[in-house]
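Reading through the structure tokens given below for one structure.
The values are calculated or read from the model by the stated rules, or taken from the named source; none is laboratory data. This one's a predicted model, so the numbers in the text were calculated from it and none came from an experiment. Ideal geometry is used to build each Cβ from the backbone, glycine not excepted, and the neighbour counts take in all protein chains shown. Just so you know, the surface numbers come from the protein's heavy atoms only, side chains and all, with ligands and any DNA or RNA stripped out. Shrake-Rupley method; radii C 1.70, N 1.55, O 1.52, S 1.80 Å.
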Amino acid sequence: MTQTSQSSQDMLARLSALIDSRKPANGGDPASSYVARLFDKGLDAILKKIGEEATETVMAGKDGDRQKLVYEVADLWFHSLIALSHFDLKPEQVLAELARREGLSGLQEFAQRGHAEEPND
């Protein structure tokens with residue numbers, strides 16, 4: 001593993017731990033923490049926020065604004081980490097799934113999921 005990929009994994013793990021600490025059950029205060037407030041509002045609010053961030057990511061890509069695209073993807077990843085935390089999942093589990101798929105073509109991976117038709121792109 002390269003130094004960059006290790007530090008990226010470390011950063012995701014630190015961010016995940018911080019998000020976990022903001023859960024109201026772990027002492028996160030919805031009055032003083034955006035993440036705690038989102039957890040307090042529940043899964044629907046978390047998923048709605050992910051949908052909003054995904055839409056903003058698409059719009060930034062359509063606009064061709066590279067810096068805004070990076071900004072919006074960061075927001076999307078952040079809110080996706082909140083969803084993972086809601087389900088007591090860790091970013092390492094997503095990274096392991098990506099590693100499992102590495103080297104497979106998209107069509108091979110899709111076929112392994114038991115789908116007869118090609119994915120939409």
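If you go through region 87-114 and pick out every residue that is at pLDDT 70 or above, among the basic types (Lys, Arg) and open to solvent by 90 Å² or more (accessible area, probe 1.4 Å), you end up with 2. For the residues Ala13, Ala54, Ala45, the requirement of being assigned to a helix (DSSP H, G or I), surrounded by 12 or more Cβ atoms within 10 Å (Cβ to Cβ) and either touching a residue at least 24 places away in the same chain (Cβ under 8 Å) or among the acidic types (Asp, Glu) (or both) singles out Ala13. Residues in region 58-79 that are among the small types (Gly, Ala, Ser) and under 26 Å from Asp20 (Cα atoms): 1 in all.
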